[in-house]
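To start, the structure itself, in structure tokens.
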Amino acid sequence: MQHNGLRMETHFGLLQTEPKTIKPKNTMRLTHCQPVATANITRHPLQGLFRHPLAGLPAFEQLFDLASFPAFNSQTSATLAVDVYEDEGNYYARFEVPGVKKEDTKVELEARRLAVSVSRKTVTSESESSFELSRTLTVPDGIHVEAISAKLEDGLLTVTLPKAETRKPRVIELN
Amino acid sequence: MNNTCTNPQTTIAAPAVESRPARRPRYQIENSPEAHTVKIELPGVVKAAVQLNLDDGILHLSAQRANTVPETWKPLHRELSDIGYELRLKLNDRVDEAGLTANLADGILTVVLPVKEAAKPRSITVQ
């Protein structure tokens, strides 16, 4: 990624002085910044030769998309904060839910999406306040779905996702 | 901040062991004629880790988060903080300090500060 960014910068600089310069392919960032300039650019026939060998491959970008790595892909728009841990047998997702009762906690798993939502209602003599928070995590493959459990303790909600047998580390004997 | 520093009471009440990083927890205060109820959000805190001191009209709360994650758990993604909580509340004269009670449940510390009998509203019968 860093490599690509560097190249864009260089071409960006050239653009200012000579409008007919080479425009490298896949410069999404460049076109975002200067939508007007892109209209005038002609593609150099030799341009392909100077590209980064991996620049055009979509897989290359996906490889380094940290959002989908390592195990959990989380929706950042939600407000319920989460910690994700792992040990040999399980994945653990831990949420901070002070004052939330067990009956106001909902943990659902559909396909590979683990949806956790909590609500809290505070009623006082003067006012009434409530909140609802939710978070969806994409769980990795190889989860023993039936054995997922959740525990509410000291204002922390911990969802335990046991790894299926195939996912656990094992020693392979050499023949 | 300046206001706090010029208040001699607050300065005196500040304990010497203040070097540990801490954050101020979220809290709510409910007022009724009988008592002020303070609800402080302390997720991840166990009862033994809560310290509540009352000194010279200042209620000082300090709570460490228990390191509840076993050592074998390897963090993959962290958003929550392990930093403890610190809160100082200056009580006014109406509070009956002897009758103060505190209860921790579901990550919420509820501190009840009863109002002194003398300070409660009362109606005076005209003779």
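The values are calculated or read from the model by the stated rules, or taken from the named source; none is laboratory data. Note that the structure is predicted; figures quoted are calculated from it, not measured. Quick reminder, even Gly has a Cβ in these numbers, built from the backbone with ideal geometry, and neighbours come from all protein chains shown. Remember, those area values only see protein heavy atoms, side chains included, never the ligands or the DNA or RNA. Shrake-Rupley method; radii C 1.70, N 1.55, O 1.52, S 1.80 Å.
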**Item:** Whole-percent carbon and sulfur share, accessible surface of the range A:70-167, 1.4 Å
**Value:** 43 percent
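Test of the criteria: in the range B:28-119, which GluC sites (Glu not before Pro) are in a DSSP loop and have at most 15 other Cβ atoms within 10 angstrom of their Cβ? Numbers along the way, then the final one.
Numbers: sites: B:GLU30, B:GLU34, B:GLU41, B:GLU71, B:GLU79, B:GLU86, B:GLU97, B:GLU117; in loops: B:GLU34, B:GLU71, B:GLU79.
When the GluC sites (Glu not before Pro) of the range B:28-119 are filtered for loop state and at most 15 Cβ neighbours within 10 Å, B:GLU34, B:GLU71, B:GLU79 remain.
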**Sparse-neighbour loop sites [GluC sites (Glu not before Pro); the range A:76-175; at most 12 other C-beta within 10 Å; DSSP]** = A:GLU88, A:GLU126, A:GLU173
**the range A:112-175 shape via C-alpha gyration tensor axes, a/c threshold 1.5** = prolate
**Prompt:** Considering protein heavy atoms only and a 1.4 Å probe radius, which residues within the range A:143-168 exhibit an accessible-area decrease of no less than 50 Å² in the full assembly relative to the chain by itself?
**Reply:** A:ASP154
**Complete:** Shape call for the range A:70-167, from the Cα gyration tensor axes a ≥ b ≥ c (a/c under 1.5 means rounded, otherwise prolate when a/b beats b/c, else oblate), comes out prolate
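Report the accessible surface area buried between chains A and B, summing both sides, using a 1.4 Å probe on protein heavy atoms only, in Å² rounded to the nearest 100.
Numbers: alone 12800 and 9500 Å², together 19830 Å².
So the buried area, both faces added, is about 2500 Å².
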**Accessible surface, per residue, of the range A:70-167 when the full set of protein chains is kept, probe 1.4 Å, Å²** = 53 Å²
